[in-house]
Amino acid sequence: MRSQVRSFNRLKVRDQTSDTINTLLQGRLVRINRATFEVEPWLAERVESSTDGLTHTFHLRPNLTWSDGAPFSSADVVFSLEAALDPKVKSVVAANMMAGGKPIRARAPDANTVVFTFAGPVGPGIRLFDALPILPKHKLGPALAAGTLGDAWGPATPPSELVGMGPFVLREHLPGQRLVFDRNPRYWRTGADGQKLPYLDRIVLEYVPEQNAEILRLTSGATDLTHSELRSEDYVPVRRAEQDGKVKLVELGVATDADAFWFCMKPEVKAKDPRFRFLQKREFRQALSHAVDREELARTVFLGEAVPVWGPITPGNKPWFSPNVPRYPHDVARARELLKAIGLEDRNKNGIVEDAAGTEARFTVLTQRGITYYESGTMVLHDDAKAAGIELDIVPLEPGALFERLESCNYDAVYMRALMSDLDPGLTLDYWLSSGDAHLWNMSQKTPATDWEKQIDQLMTEQASIIDPQRRKVLFNDVQRIFAENVPVLYFAAPRLFYGHSTRLRGVVPSVMRPQILWNADMLSVSDGAAATR
């Protein structure tokens, strides 16, 4: 893993490390299979839904226990929904627990049954419950009652206090070094061979923030898995290791997420910044989009193994991708025309455009330290923006510092890959809605700051509240068009993804989404070359 633990409470944090840890420790009512993207029964063995899509009855698997031996029941499920929706918690999954503009309601008629009631139909249906971690009421109930659940299970929590329904339990946490997970002997699943899962006795996540070191460890046999997909420059050494029988190389397809660039455009934070006058004009962002040579970026950053994109939905997300969105071909002259139209010219001939008051279009761009395609991507972005008269100063930060700055809007601009939690846009409302806490450029707005954001709010609310897939697609195509016209976030290229893992690993079912392998951790095993072992 490249970033240290920010919290073990999945209700509070949204990053790759927390998602991976949550996958290992916690259970869900239903699971989205990350290979097929179909919904699978999980802690609930059966679901009955009404024809109008407003009532969903979940029948839980009987006689399940938490990792500490306490019985699991419907009370835990009701508690988990209450925790996700409690405003004091400020949960990052709360936006997904809404239906018809109102919070989902739950009741438990008995210990093995939970009935969810929606105020209106939801396009993704029960798929949305994949986002809800099921948490132990007997451990966290007092914290919710006291209004302190948001602070519970912080990074300093003793491993013995972390209780879950997942395939593993945390045995050891050495900050800055590693996390050690042991198999959960009370885990409920059984393999097709009749053996209790998980197959593995132990999984160790090591903190290796530098990618070159990570690849060296993989190709030398020191680790079995990498944090995520390979970089373009890793293909040759990994292919060589594959020929030597040390590594297996897997092609995953076109990424469903692309590297993104955005400015903080929160008025209450930036209104006194003189640059905000032109930054909030869409012509400025369109000019920057014209300035970037996406074909060159794909060649330089991804060695040609990427496709240019103009929005957050890439060709890798086949069900929802729309090719008919406004595009901004590389055209520096057009970029300068757009800048001039909003009063930005290089009046003092220093290479940077400025407004009539002398305010220069100069910004500091934060990115994550140690990620080579961020480093090379920001270099291309810097040079292309410079050609149009926009100066970007690149500052790499450690992940913790970067996320802290991002959440408080204490930055000019950010360049990184913002991961979507699911392919269905109805499950990423926290990104699309102006009120969402993943609405990158202006998070958690009380009311939409712009007319076009209000438009997207209306379209996404409708899109998420109807069941007809064709109508949902038409509405979401409109959302993608409006987004591309206003370019609040600039997207450049979606890479073709490759992944490498050790040849001793068995049961690998790779996914195009992270975590590419550990999403299916309970089915993994290792082999000594003769037979699979634990």
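The values are calculated or read from the model by the stated rules, or taken from the named source; none is laboratory data. Just so it is clear, the structure is predicted and the values come from calculations on it, not from any experiment. Cβ atoms come from the backbone with ideal geometry, glycine included; neighbour counts cover every protein chain shown. These area figures cover heavy atoms from the full protein model, side chains too; ligands, DNA and RNA do not enter into them. Shrake-Rupley method; radii C 1.70, N 1.55, O 1.52, S 1.80 Å.
Assorted remarks:
- Filter result (under 21 Å from VAL169 (Cβ atoms) and open to solvent by less than 30 Å² (accessible area, probe 1.4 Å)) within the range 193-222: LEU197, PRO198, LEU200, ILE203, LEU205
- Within the range 95-129, the set of residues being farther than 19 Å from GLU48 by Cβ, without any contact (Cβ under 8 Å) to a residue 40 or more places away in the chain and open to solvent by less than 30 Å² (accessible area, probe 1.4 Å) comprises MET97 only.
- Only one entry in LEU381, LEU303 is of a type outside the set (S, T, N, Q) and in contact with a strand residue (DSSP E or B) (Cβ under 7 Å, 6 or more places away or on another chain), namely LEU381.
- Candidate set from the range 438-473 (those that are among the β-branched types (Val, Ile, Thr) and within 22 Å of SER91 (Cβ to Cβ)); member that is most open to solvent (accessible area, probe 1.4 Å): THR447
- In the range 287-300, residue modelled with the lowest pLDDT [restricted to those that are assigned to a helix (DSSP H, G or I), of a type outside the set (Lys, Arg) and open to solvent by 30 Å² or more (accessible area, probe 1.4 Å)]: THR300
- Residue check for ARG178: open to solvent by 60 Å² or more (accessible area, probe 1.4 Å), among the basic types (Lys, Arg) and farther than 24 Å from PRO71 by Cβ: yes
- If you filter the range 380-392 down to residues that are in contact (Cβ under 8 Å) with a residue 40 or more places away in the chain and open to solvent by 10 Å² or more (accessible area, probe 1.4 Å), you find that the one that is nearest to LEU297 (Cα to Cα) is VAL380.
- Against the numbered list (1) at pLDDT 95 or above; (2) open to solvent by 10 Å² or more (accessible area, probe 1.4 Å); (3) not hydroxyl-bearing (Ser, Thr, Tyr), PHE79 comes up short only at (2).
- Residue within the range 362-370 that is touching a Phe, Trp or Tyr at 6+ places or on another chain (Cβ under 9 Å) and at pLDDT below 95 present: yes
- Residue in the range 149-157 that is open to solvent by 30 Å² or more (accessible area, probe 1.4 Å) and within 28 Å of ALA464 (Cα to Cα) present: no
- Qualifying residues in the range 357-376 (those that are in contact with a strand residue (DSSP E or B) (Cβ under 9 Å, 6 or more places away or on another chain) and open to solvent by 30 Å² or more (accessible area, probe 1.4 Å)) - the one farthest from GLN211 (Cα to Cα): GLU360
- Check on GLU404, among the acidic types (Asp, Glu) and open to solvent by less than 10 Å² (accessible area, probe 1.4 Å): no
One line per residue, one yes/no per condition, for (1) surrounded by 15 or more Cβ atoms within 10 Å (Cβ to Cβ); (2) acidic (Asp, Glu); (3) more than 23 Å from LEU518 (Cα to Cα):
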{"position": "LEU25", "(1), (2), (3)": "yes, no, no"}
{"position": "VAL30", "(1), (2), (3)": "yes, no, no"}
{"position": "THR36", "(1), (2), (3)": "no, no, no"}
{"position": "TRP42", "(1), (2), (3)": "yes, no, no"}
{"position": "SER50", "(1), (2), (3)": "no, no, yes"}
{"position": "LEU54", "(1), (2), (3)": "yes, no, yes"}
{"position": "PRO62", "(1), (2), (3)": "no, no, yes"}
{"position": "PHE72", "(1), (2), (3)": "yes, no, yes"}
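- Any hit, the range 151-168, residues being of a type in the set (A, V, I, L, M, F, W, C), touching a Lys or Arg at 6+ places or on another chain (Cβ under 7 Å) and within 25 Å of ARG6 (Cβ to Cβ): yes
- Some residue of the range 345-361 being touching a residue at least 24 places away in the same chain (Cβ under 8 Å) and within 19 Å of VAL414 (Cα to Cα): yes
- Cβ-Cβ under 7 Å pairs, at least 6 apart or on other chains, the range 194-207 side in contact (Cβ under 8 Å) with a residue 60 or more places away in the chain and over 21 Å from MET165 (Cβ atoms), far side outside any strand (DSSP E or B) and open to solvent by less than 60 Å² (accessible area, probe 1.4 Å): GLU206/THR223; TYR207/MET1; TYR207/GLY176
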